[in-house]
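As C-alpha coordinates, the structure follows; a few thoughts come after it.
The values are calculated or read from the model by the stated rules, or taken from the named source; none is laboratory data. Just so it is clear, the structure is predicted and the values come from calculations on it, not from any experiment. So basically every Cβ, Gly included, is an ideal-geometry build from the backbone, and we count neighbours across all protein chains shown. Accessible surface is based on the protein model in full, side chains and every heavy atom, while ligands, DNA and RNA are left aside. Shrake-Rupley method; radii C 1.70, N 1.55, O 1.52, S 1.80 Å.
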Amino acid sequence: MTFKALITEKTDDGYQSRVGDKNLEDLPEGDVLVRVAWSSLNYKDALSASGNKGVTRSFPHTPGIDAAGVVEEAGDGPFSVGDAVICTGYDLGMNTSGGYGDYIRVPAEWLAPLPAGLSARDAMVLGTAGLTAALCVEALIDTGLQPEQGEVLVTGATGGVGSVAVSILSNLGFKVVAATGKQDAHDWLRDLGAADIIGRDALLEGIEKPVLKPRWAGVVDCVCGDILVNALKSLQYGGSAACCGLTASPKLENATVFPFILRGVNLLGVDSVELPCEVKQQMWQLLASDWRPALDKLESREVTREQLPDCFTEILAGKLRGRVVVKINP
(Lines give C-alpha, C1' and ligand atoms only; values in the text may rest on other atoms or scores of the structure.)
Protein backbone atom coordinates (compact mmCIF):
# COMPACT_ATOMS: atom_id res chain seq x y z
CA MET A 1 0.00 0.00 0.00
CA THR A 2 1.33 3.41 -0.95
CA PHE A 3 0.74 6.70 0.87
CA LYS A 4 1.79 10.32 0.62
CA ALA A 5 4.66 11.77 2.65
CA LEU A 6 7.09 14.65 2.65
CA ILE A 7 10.41 13.14 1.57
CA THR A 8 13.75 14.86 2.15
CA GLU A 9 16.53 13.70 -0.17
CA LYS A 10 20.14 14.63 -0.78
CA THR A 11 20.59 16.10 -4.27
CA ASP A 12 23.36 17.83 -6.22
CA ASP A 13 21.87 21.12 -4.98
CA GLY A 14 21.78 20.09 -1.32
CA TYR A 15 18.90 18.66 0.63
CA GLN A 16 15.49 19.06 -1.00
CA SER A 17 12.01 18.15 0.28
CA ARG A 18 9.02 17.12 -1.82
CA VAL A 19 5.72 15.30 -1.38
CA GLY A 20 5.95 11.81 -2.85
CA ASP A 21 4.85 8.21 -2.44
CA LYS A 22 6.04 5.73 0.17
CA ASN A 23 5.00 2.16 0.97
CA LEU A 24 3.81 0.90 4.33
CA GLU A 25 6.63 -1.62 4.03
CA ASP A 26 9.07 1.31 4.15
CA LEU A 27 8.01 2.13 7.71
CA PRO A 28 10.05 0.71 10.59
CA GLU A 29 8.88 -2.14 12.74
CA GLY A 30 6.61 -1.15 15.60
CA ASP A 31 3.60 -2.15 17.63
CA VAL A 32 1.12 0.41 16.33
CA LEU A 33 0.27 1.82 12.90
CA VAL A 34 -1.22 5.31 13.14
CA ARG A 35 -2.98 7.24 10.39
CA VAL A 36 -1.77 10.79 10.92
CA ALA A 37 -4.35 13.58 10.87
CA TRP A 38 -2.26 16.59 11.92
CA SER A 39 1.38 17.43 12.60
CA SER A 40 3.24 20.63 13.45
CA LEU A 41 6.36 22.57 12.54
CA ASN A 42 9.35 22.58 14.89
CA TYR A 43 12.90 23.88 14.63
CA LYS A 44 14.18 20.30 14.74
CA ASP A 45 12.04 19.43 11.70
CA ALA A 46 13.76 22.16 9.71
CA LEU A 47 17.16 20.89 10.84
CA SER A 48 16.26 17.38 9.70
CA ALA A 49 15.04 18.68 6.35
CA SER A 50 18.33 20.58 5.99
CA GLY A 51 20.38 17.42 6.32
CA ASN A 52 21.65 18.10 9.84
CA LYS A 53 23.36 14.80 10.76
CA GLY A 54 22.99 15.58 14.46
CA VAL A 55 19.25 15.14 13.95
CA THR A 56 18.90 12.69 11.04
CA ARG A 57 21.65 10.35 9.93
CA SER A 58 20.31 8.79 6.72
CA PHE A 59 18.24 9.94 3.76
CA PRO A 60 15.72 9.81 2.06
CA HIS A 61 13.76 10.62 5.19
CA THR A 62 10.36 11.89 6.31
CA PRO A 63 10.64 14.52 9.08
CA GLY A 64 7.95 15.46 11.59
CA ILE A 65 8.64 15.04 15.31
CA ASP A 66 4.94 15.48 16.15
CA ALA A 67 1.91 13.50 15.05
CA ALA A 68 -1.72 13.15 16.11
CA GLY A 69 -4.09 10.65 14.55
CA VAL A 70 -5.97 7.39 14.85
CA VAL A 71 -4.73 3.84 15.42
CA GLU A 72 -5.15 1.69 12.29
CA GLU A 73 -3.34 -1.44 13.49
CA ALA A 74 -2.57 -2.35 17.09
CA GLY A 75 -0.47 -5.08 18.65
CA ASP A 76 -0.85 -6.50 22.14
CA GLY A 77 -0.37 -3.17 23.90
CA PRO A 78 -2.87 -0.81 25.52
CA PHE A 79 -4.26 0.64 22.27
CA SER A 80 -7.08 -0.51 20.01
CA VAL A 81 -8.02 0.26 16.43
CA GLY A 82 -9.79 3.60 16.32
CA ASP A 83 -8.08 5.12 19.39
CA ALA A 84 -7.06 8.76 19.01
CA VAL A 85 -3.40 9.19 19.98
CA ILE A 86 -0.52 11.67 20.14
CA CYS A 87 3.11 10.88 19.38
CA THR A 88 5.88 13.35 20.25
CA GLY A 89 9.57 12.93 20.85
CA TYR A 90 11.61 9.74 21.13
CA ASP A 91 13.01 9.06 17.65
CA LEU A 92 9.95 10.13 15.65
CA GLY A 93 10.93 12.31 12.69
CA MET A 94 14.61 12.04 13.51
CA ASN A 95 15.76 8.61 12.38
CA THR A 96 12.25 7.12 12.34
CA SER A 97 9.82 8.13 9.60
CA GLY A 98 7.87 11.04 11.04
CA GLY A 99 4.58 12.87 11.15
CA TYR A 100 4.78 14.45 7.70
CA GLY A 101 3.66 11.11 6.26
CA ASP A 102 0.09 9.78 6.09
CA TYR A 103 1.18 6.97 8.41
CA ILE A 104 3.69 6.30 11.18
CA ARG A 105 4.54 2.97 12.78
CA VAL A 106 5.93 3.24 16.32
CA PRO A 107 6.30 1.35 19.60
CA ALA A 108 3.19 1.55 21.80
CA GLU A 109 5.17 3.21 24.58
CA TRP A 110 5.73 6.24 22.34
CA LEU A 111 2.00 6.99 22.23
CA ALA A 112 -0.23 8.95 24.58
CA PRO A 113 -4.03 8.88 24.39
CA LEU A 114 -5.53 12.10 23.06
CA PRO A 115 -7.12 13.62 26.19
CA ALA A 116 -10.73 14.71 26.33
CA GLY A 117 -11.00 18.39 25.57
CA LEU A 118 -8.34 18.40 22.84
CA SER A 119 -8.89 17.64 19.17
CA ALA A 120 -6.03 16.18 17.15
CA ARG A 121 -5.60 19.61 15.58
CA ASP A 122 -5.55 21.30 18.99
CA ALA A 123 -2.89 18.87 20.16
CA MET A 124 -0.68 19.78 17.20
CA VAL A 125 -1.12 23.51 17.74
CA LEU A 126 0.66 22.66 20.99
CA GLY A 127 2.88 19.76 19.89
CA THR A 128 6.36 19.23 21.31
CA ALA A 129 6.64 22.96 21.98
CA GLY A 130 3.52 23.02 24.16
CA LEU A 131 4.57 19.88 25.98
CA THR A 132 8.02 21.35 26.66
CA ALA A 133 6.52 24.62 27.89
CA ALA A 134 4.28 22.74 30.30
CA LEU A 135 7.26 20.78 31.60
CA CYS A 136 9.17 24.03 32.20
CA VAL A 137 6.27 25.50 34.14
CA GLU A 138 5.90 22.30 36.16
CA ALA A 139 9.63 22.30 36.96
CA LEU A 140 9.42 25.85 38.33
CA ILE A 141 6.27 25.18 40.35
CA ASP A 142 7.85 22.04 41.79
CA THR A 143 10.61 24.24 43.26
CA GLY A 144 7.95 26.25 45.07
CA LEU A 145 7.43 29.16 42.67
CA GLN A 146 4.28 31.15 43.48
CA PRO A 147 2.75 34.16 41.66
CA GLU A 148 3.21 36.46 44.65
CA GLN A 149 7.01 36.02 44.51
CA GLY A 150 7.34 38.34 41.54
CA GLU A 151 8.08 38.46 37.84
CA VAL A 152 8.78 35.40 35.71
CA LEU A 153 10.97 35.91 32.64
CA VAL A 154 10.34 33.96 29.42
CA THR A 155 13.14 34.21 26.86
CA GLY A 156 12.61 33.53 23.17
CA ALA A 157 8.98 34.41 23.86
CA THR A 158 7.82 34.52 20.23
CA GLY A 159 8.93 30.94 19.57
CA GLY A 160 6.80 27.85 20.04
CA VAL A 161 7.89 26.99 23.57
CA GLY A 162 8.16 30.59 24.72
CA SER A 163 4.75 31.67 23.48
CA VAL A 164 2.99 28.69 25.07
CA ALA A 165 4.87 29.30 28.34
CA VAL A 166 3.72 32.95 28.36
CA SER A 167 0.11 31.84 27.96
CA ILE A 168 0.25 29.09 30.61
CA LEU A 169 2.04 31.20 33.20
CA SER A 170 -0.31 34.12 32.67
CA ASN A 171 -3.35 31.86 33.03
CA LEU A 172 -1.90 30.59 36.33
CA GLY A 173 -1.67 34.14 37.68
CA PHE A 174 2.04 34.86 37.20
CA LYS A 175 3.32 38.27 36.11
CA VAL A 176 5.16 37.36 32.91
CA VAL A 177 7.90 39.43 31.31
CA ALA A 178 8.39 38.29 27.70
CA ALA A 179 11.81 38.72 26.11
CA THR A 180 12.01 39.29 22.36
CA GLY A 181 13.93 41.23 19.76
CA LYS A 182 10.87 41.50 17.49
CA GLN A 183 9.25 44.91 17.82
CA ASP A 184 6.19 43.87 15.85
CA ALA A 185 5.41 41.07 18.32
CA HIS A 186 4.81 43.20 21.41
CA ASP A 187 1.03 43.49 21.02
CA TRP A 188 0.72 39.79 20.31
CA LEU A 189 2.73 38.86 23.41
CA ARG A 190 0.59 41.13 25.56
CA ASP A 191 -2.49 39.48 24.06
CA LEU A 192 -1.04 36.12 25.14
CA GLY A 193 -0.78 37.45 28.69
CA ALA A 194 2.62 39.11 29.01
CA ALA A 195 2.54 41.92 31.58
CA ASP A 196 5.70 43.50 30.19
CA ILE A 197 8.17 43.15 27.32
CA ILE A 198 11.96 43.32 27.55
CA GLY A 199 14.46 43.47 24.68
CA ARG A 200 17.47 41.29 24.15
CA ASP A 201 19.89 44.19 24.62
CA ALA A 202 18.52 44.92 28.08
CA LEU A 203 18.97 41.29 29.06
CA LEU A 204 22.64 41.38 28.02
CA GLU A 205 23.59 44.42 30.08
CA GLY A 206 26.21 43.70 32.72
CA ILE A 207 27.37 40.43 31.20
CA GLU A 208 30.86 41.09 32.59
CA LYS A 209 29.58 41.16 36.20
CA PRO A 210 29.49 38.02 38.39
CA VAL A 211 26.00 38.79 39.74
CA LEU A 212 23.31 41.37 38.96
CA LYS A 213 20.50 42.99 40.88
CA PRO A 214 17.96 40.29 41.75
CA ARG A 215 14.74 40.60 39.76
CA TRP A 216 13.29 37.33 38.47
CA ALA A 217 11.33 34.92 40.66
CA GLY A 218 11.70 32.33 37.92
CA VAL A 219 12.82 31.96 34.31
CA VAL A 220 11.73 29.85 31.35
CA ASP A 221 14.73 29.96 29.03
CA CYS A 222 14.48 28.87 25.40
CA VAL A 223 17.71 30.39 24.03
CA CYS A 224 20.68 29.73 26.38
CA GLY A 225 23.93 31.64 25.77
CA ASP A 226 24.58 34.97 27.47
CA ILE A 227 20.87 35.66 27.92
CA LEU A 228 20.56 32.63 30.20
CA VAL A 229 23.80 33.59 31.96
CA ASN A 230 22.42 37.03 32.84
CA ALA A 231 19.03 35.57 33.76
CA LEU A 232 20.79 33.33 36.30
CA LYS A 233 22.67 36.33 37.68
CA SER A 234 19.36 38.19 38.06
CA LEU A 235 17.37 35.48 39.84
CA GLN A 236 16.03 36.22 43.29
CA TYR A 237 17.47 34.25 46.20
CA GLY A 238 16.51 30.58 45.76
CA GLY A 239 14.99 31.21 42.32
CA SER A 240 15.12 28.79 39.44
CA ALA A 241 15.56 28.85 35.68
CA ALA A 242 14.10 26.05 33.54
CA CYS A 243 16.29 25.65 30.45
CA CYS A 244 15.01 23.85 27.35
CA GLY A 245 16.61 25.46 24.28
CA LEU A 246 19.84 26.68 22.74
CA THR A 247 18.93 28.80 19.73
CA ALA A 248 21.33 31.56 20.83
CA SER A 249 24.19 29.28 21.86
CA PRO A 250 24.76 25.98 23.68
CA LYS A 251 27.55 27.60 25.71
CA LEU A 252 27.54 29.52 29.00
CA GLU A 253 30.86 31.25 28.41
CA ASN A 254 30.34 34.15 30.81
CA ALA A 255 28.86 32.13 33.65
CA THR A 256 30.38 31.65 37.09
CA VAL A 257 29.25 29.75 40.17
CA PHE A 258 28.54 32.97 42.07
CA PRO A 259 24.75 33.02 41.53
CA PHE A 260 24.58 29.42 42.71
CA ILE A 261 26.66 29.77 45.87
CA LEU A 262 25.67 33.32 46.82
CA ARG A 263 21.96 33.16 46.06
CA GLY A 264 21.23 29.45 46.01
CA VAL A 265 19.68 29.57 42.54
CA ASN A 266 18.83 26.51 40.48
CA LEU A 267 19.35 25.68 36.81
CA LEU A 268 16.78 23.06 35.80
CA GLY A 269 17.26 21.09 32.60
CA VAL A 270 14.02 20.21 30.81
CA ASP A 271 13.73 17.43 28.21
CA SER A 272 10.55 16.31 26.46
CA VAL A 273 12.11 13.77 24.08
CA GLU A 274 13.00 10.73 26.19
CA LEU A 275 10.60 11.50 29.02
CA PRO A 276 8.51 8.49 30.13
CA CYS A 277 5.17 8.53 28.33
CA GLU A 278 3.31 8.43 31.66
CA VAL A 279 4.68 11.89 32.47
CA LYS A 280 3.79 13.12 28.99
CA GLN A 281 0.23 11.90 29.54
CA GLN A 282 0.01 13.92 32.76
CA MET A 283 1.19 17.03 30.94
CA TRP A 284 -1.28 16.50 28.10
CA GLN A 285 -4.10 16.22 30.62
CA LEU A 286 -3.06 19.55 32.15
CA LEU A 287 -2.80 21.17 28.72
CA ALA A 288 -6.30 19.98 27.93
CA SER A 289 -7.76 21.31 31.17
CA ASP A 290 -6.36 23.49 33.97
CA TRP A 291 -3.30 24.68 32.04
CA ARG A 292 -4.99 25.04 28.66
CA PRO A 293 -3.34 27.96 26.82
CA ALA A 294 -5.07 30.30 24.36
CA LEU A 295 -4.83 28.09 21.26
CA ASP A 296 -6.46 30.60 18.92
CA LYS A 297 -3.84 33.20 19.87
CA LEU A 298 -0.89 30.81 19.69
CA GLU A 299 -1.47 29.53 16.18
CA SER A 300 0.22 31.55 13.49
CA ARG A 301 -1.03 29.57 10.51
CA GLU A 302 -2.13 26.25 9.02
CA VAL A 303 -0.07 24.82 6.16
CA THR A 304 0.03 21.82 3.87
CA ARG A 305 3.00 19.55 3.33
CA GLU A 306 3.68 21.25 0.01
CA GLN A 307 4.23 24.54 1.85
CA LEU A 308 6.67 23.11 4.40
CA PRO A 309 9.95 23.75 2.50
CA ASP A 310 9.30 27.50 2.62
CA CYS A 311 8.40 27.20 6.31
CA PHE A 312 11.68 25.41 7.01
CA THR A 313 13.56 28.39 5.59
CA GLU A 314 11.51 30.83 7.67
CA ILE A 315 11.92 29.05 11.00
CA LEU A 316 15.68 28.59 10.54
CA ALA A 317 15.95 32.32 9.84
CA GLY A 318 13.99 33.16 13.00
CA LYS A 319 11.14 34.69 11.01
CA LEU A 320 8.28 32.62 12.40
CA ARG A 321 6.39 33.27 15.60
CA GLY A 322 3.90 31.11 17.43
CA ARG A 323 2.85 27.71 16.22
CA VAL A 324 2.39 26.34 12.71
CA VAL A 325 0.03 23.37 12.37
CA VAL A 326 0.41 20.98 9.42
CA LYS A 327 -2.60 19.44 7.70
CA ILE A 328 -2.04 15.77 6.87
CA ASN A 329 -5.29 13.72 6.83
CA PRO A 330 -7.92 15.60 8.89
Using alpha carbon positions and the Kirkwood radius, the Rg to Rh ratio of the range 191-330 is 1.02
Under the Karplus relation with 6.51, -1.76 and 1.60 and θ = phi - 60°, whole-Hz ³J(HN,Hα) for the range 43-49, x at Gly and Pro, equal 4, 5, 5, 5, 5, 4, 5
Counting only DSSP beta bridges with both partners in the chain, the antiparallel fraction in percent, to the nearest 5, comes to 55 percent
Against the 2.2 N^0.38 Å rule of thumb, the C-alpha Rg of the range 257-330 sits at a ratio of 1.59
Percent relative contact order for the range 191-311, counting Cα pairs under 8 Å at least six residues apart, stands at 21 percent
Under 5 Å from the placed amide H of Leu235, counting only residues 5+ away or on other chains, we find Arg215, Trp216
So Ile207 and Thr143, fully extended at 0.36 nm per residue minus their Cα-Cα distance, gain in nm 20.4 nm
In nanometres, the difference between 0.36 nm per residue of separation and the alpha-carbon distance of Asp184 and Thr256 is 22.5 nm
Normalised Cα Rg of the range 1-105, dividing by 2.2 N^0.38 Å with N its residue count, works out at 1.03
Given 91-104, 267-280, the highest-first ranking by average Cβ count within 10 Å works out to 91-104, 267-280
Stretched fully, the stretch from Glu314 through Glu302 gains (0.36 nm per residue minus C-alpha distance, one decimal, in nm) 2.9 nm
Long-range share for the range 225-270, i.e. C-alpha pairs more than 13 Å apart as a percent of all pairs, stands at 51 percent
Over all Cα pairs of the range 50-204, the Kirkwood radius sets Rh, and Rg/Rh then becomes 1.05
Here the alpha-carbon Rg of the chain over 2.2 N^0.38 Å rounds to 1.00
With label points set 7 Å from each Cα along the Cα-to-Cβ direction at Ser119 and Leu24, the distance between them in nm comes to 2.7 nm
Log entry: pair-distance distribution for the range 36-79, C-alpha pairs binned every 5 Å from zero, whole % per bin is 5, 20, 21, 15, 14, 14, 9, 1
Heavy-atom accessible area of the chain with neighbours in place, 1.4 angstrom probe: carbon+sulfur share in percent works out to 47 percent
At q = 0.30, 0.31, 0.34 1/Å the base-10 log of I(q)/I(0) from the Debye formula over the alpha-carbon atoms of the range 120-162 is -1.06, -1.08, -1.14
